[in-house]
Amino acid sequence: METNKLSVVIITKNEENFITDAIKSSLFADEVIILDSGSIDRTCEIAKELGAKVYQNEWLGFGPQKNRAVELAKNDWVFVLDSDERITEELKNEIVTTLKEPFSNGYFIARLNNFFGKNIKNCGLYPDYSIRLFNKNYGKFNDVSVHESVQLTSKAAHLKNHMIHLAYDSIEEFIQKQNRYSSLNHKKKSLIKAIINPYWTFFKLYILKKGFLDGWHGFVISKLYAQYTFWKYIK
């Protein structure tokens, strides 16, 4: 049985340290699309060397930028990958098998997040499902600047295998990214929520979501997400 053809799409900007392995994990697809927004490092050069199709577009925000990348794909079926994510061999095989006879128009994919060199399966960070594999005729990303997600016209199914997400190499990187995301996240300012919600976030992640099982990593992650919650409501 012939498999439906697949396009993997990746948005980039200055990702030379990550893009090689992201593309290599995607080479089973019929094409790899890179939509770059002004890299000044070797991101685009590396992508072209690996056989990816590289396009340029000014930054539109995460949701609109990924929709533009999906539009560039020649195939109906797309897998949207970030440059710091990797498609595992097990997931690749499951995707290929699924596309021979799809039973849904979209599929949730789990992510195994790696924080500071450790794979984290607690703190509410696993399986961290999101729709990544879908038929672009039946879904698109919502029009938001951060924390975008695919909106599907029908119910999505779940694949069994996960991809790898190299979330943060260091605490400093975590703080920088979450500080930026909190500025993009248009929450209404609330002093009360800024005071109360961080405590709830820490309790939820460290106690209810069993972050304590990840030891020092779990404590730090819970504490930093609590700090992010404070930033969201105070900026």
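For D214, what is the net charge nearby, where nearby means another residue's Cβ is under 9 Å from its Cβ and Lys, Arg count +1, Asp, Glu -1?
Values: positive: K118, K121, K210; negative: none.
Within the 9 Å Cβ shell, the charges total +3.
From Cα pairs below 8 angstrom and at least 6 apart in sequence, can you work out the relative contact order of region 130-203, rounded to a whole percent?
23
Using a 1.4 Å probe on the protein heavy atoms, what percent of the accessible area of region 22-160 belongs to carbon and sulfur?
Answer for region 22-160 is 46 percent, counting heavy atoms of protein chains only.
³J(HN,Hα) across region 9-20 via Karplus (A = 6.51, B = -1.76, C = 1.60, θ = phi - 60°), whole Hz, x for Gly/Pro?
Each residue's phi maps through the Karplus curve to give 10, 9, 9, 9, 6, 6, 10, 4, 7, 10, 5, 4 Hz.
Convex hull over the alpha-carbon atoms of region 1-114: what's its volume per residue in Å³?
Spelled out: Cα convex hull of region 1-114, divided by residues, is 106 Å³.
How much length is gained if the chain between E45 and T153 is pulled fully straight, taking 0.36 nm per residue apart and subtracting their Cα-Cα distance, in nm to one decimal?
35.2 nm
Among DSSP beta bridges lying fully in the chain, give the percent that are antiparallel, nearest 5.
Among the beta bridges of the chain, antiparallel pairing accounts for roughly 40 percent.
Using Cα pairs closer than 8 Å and at least 6 residues apart in sequence, work out the relative contact order for the chain, in percent.
Details: 473 pairs, mean separation 45.0, N = 235.
Worked out over the chain, it gives 19 percent.
With θ set to phi - 60° and the Karplus curve 6.51 cos²θ - 1.76 cosθ + 1.60, what are the ³J(HN,Hα) couplings of region 40-52 in order, to the nearest whole Hz, using x for Gly and Pro?
So the Karplus estimates, Gly and Pro as x, are 10, 9, 8, 3, 5, 4, 4, 4, 5, 4, 8, x, 6 Hz.
Want the number for K53 to S183: 0.36 nm per residue separation, take away the alpha-carbon distance, what's left?
43.6 nm
I'd like to check one number: the per residue accessible area of the chain, probe 1.4 Å, reported in Å² as a whole number.
On the way: 12120 Å² over 235 residues.
On a per-residue basis, the chain sits at 52 Å².
Residues of region 65-108 with amide nitrogen under 15 Å from the 7 Å Cα-to-Cβ point of Y138?
In region 65-108, the label zone of Y138 (backbone N under 15 Å from the point 7 Å along Cα→Cβ) covers 76-79, 98-108.
Out of residues 5 or more away from R132 or on other chains, whose amide H comes under 5 Å of its own, with H placed 1.01 Å from N in the peptide plane?
Y107, I109
Spelling out what I want: for every residue of region 221-231, take phi, set θ = phi - 60°, compute 6.51 cos²θ - 1.76 cosθ + 1.60 (Karplus), and round to whole Hz; glycine and proline get x.
3J(HN,Hα) across region 221-231, in whole Hz: 4, 4, 5, 5, 5, 5, 5, 4, 4, 4, 4.
How far apart, in nm, are the 7 Å Cα→Cβ label points at L27 and E173?
Placing both labels 7 Å along Cα→Cβ, they lie 2.3 nm apart.
Rounded to the nearest 20 Debye, what is the dipole magnitude of region 1-112 about its Cα centre when Lys and Arg each give +1 and Asp and Glu each give -1 at the C-beta? Don't skip to the answer; put the middle values down first.
Values: 13 positive and 20 negative charges, 35 e Å.
Charge dipole, region 1-112, about its Cα centre: 160 debye, nearest 20.
Return the equivalent ellipsoid semi-axes of region 137-198 as a descending list in whole Å, where each equals the square root of 5 times an eigenvalue of the C-alpha gyration tensor. Each step should come with its number before you reach the end.
Working: eigenvalues 159, 78, 30 Å².
Ellipsoid semi-axes (Å, largest first): 28, 20, 12.
Averaging sequence separations of C-alpha pairs under 8 Å and six or more residues apart, then dividing by the length of region 1-92, give the relative contact order as a whole percent.
Taking the mean separation of contacting Cα pairs over the length of region 1-92, I get 42 percent.
The values are calculated or read from the model by the stated rules, or taken from the named source; none is laboratory data. These figures come from a predicted structure and were not determined experimentally. Ideal geometry is used to build each Cβ from the backbone, glycine not excepted, and the neighbour counts take in all protein chains shown. Just the protein is used for accessible areas: all its heavy atoms, side chains included, with ligands, DNA and RNA removed. Shrake-Rupley method; radii C 1.70, N 1.55, O 1.52, S 1.80 Å.
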